[in-house]
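All of the numbers you see were taken from the coordinates with simple rules; none came from a lab. Nothing here was measured: the structure is a model prediction, and the numbers come from that model. Cβ coordinates were reconstructed from backbone atoms using ideal geometry, including for glycine residues, and neighbour counts include every protein chain displayed.
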Amino acid sequence: MRRLTFVLLITLLCLPALASSDDIGPVATLNFTVIKDYNGKPVRNAAVVLHLVSDNGKQEKGGLELKTDAEGKASYEGVPYGKMRVQVLATGFQTFGGDYDVKQSTMEISVKLKRPTSQYSIYEEHPGENKDNPPPKPQ
């Protein structure tokens, strides 16, 4: 009888710890494929950064960084359902960023990285611009 009482007491004391708020609900697997926009070849060693996004659209602190393999693929299991911000960075390419709503058990996300474009300079000649007659200034 004492043993049964002791086991019940321990069980009752452990129940709050078992029912803690660590349960994040359903989780998904995200599979990423990162390719070059101009030829469709995979981008090796690209950084795929994941951040949770709150209901008001703000990025939460913390995050996770993955690296793509030689085929441009990366995946992660255990992503909670909800909004997720994905950033992809790779040397020699424009940074990609986008928000995704994770609501399936498996999601395939394909990212096409573009080459950087040239910057506009006031010191260069620009076809179609007339330097002698600048546009009128608003009054």
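Extension gain, THR29 to LEU89: 0.36 nm times the residue separation minus the Cα-Cα distance gives 19.5 nm. Among 29-41, 78-90, 115-127, 59-71, the peptide with the highest mean count of other Cβ atoms within 10 Å heads the list, and the full ranking is 78-90, 29-41, 59-71, 115-127.
Could you work out the percent of alpha carbon pairs in the stretch 24-113 separated by over 16 Å, rounded to a whole number? Across the stretch 24-113, Cα pairs with separations above 16 Å total 51 percent.
Other residues whose C-beta falls under 14 angstrom from the C-beta of GLY72 contribute a net charge of +2, scoring Lys and Arg +1 and Asp and Glu -1.
Note on the stretch 47-100: Cα-only Rg and Dmax are 11.8, 37 Å. The modelled label-to-label distance for the pair SER54/ASP99, using points 7 Å beyond Cα in the direction of Cβ, is 1.3 nm.
Look at the alpha carbon pairs under 8 Å that are at least 6 residues apart: their mean separation over the length of the stretch 32-128 gives a relative contact order of 31 percent. Close amide H contacts of VAL102 (hydrogens built in the peptide plane, cut-off under 5 Å, sequence separation of 5 or more or a different chain): GLY82, LYS83, MET84.
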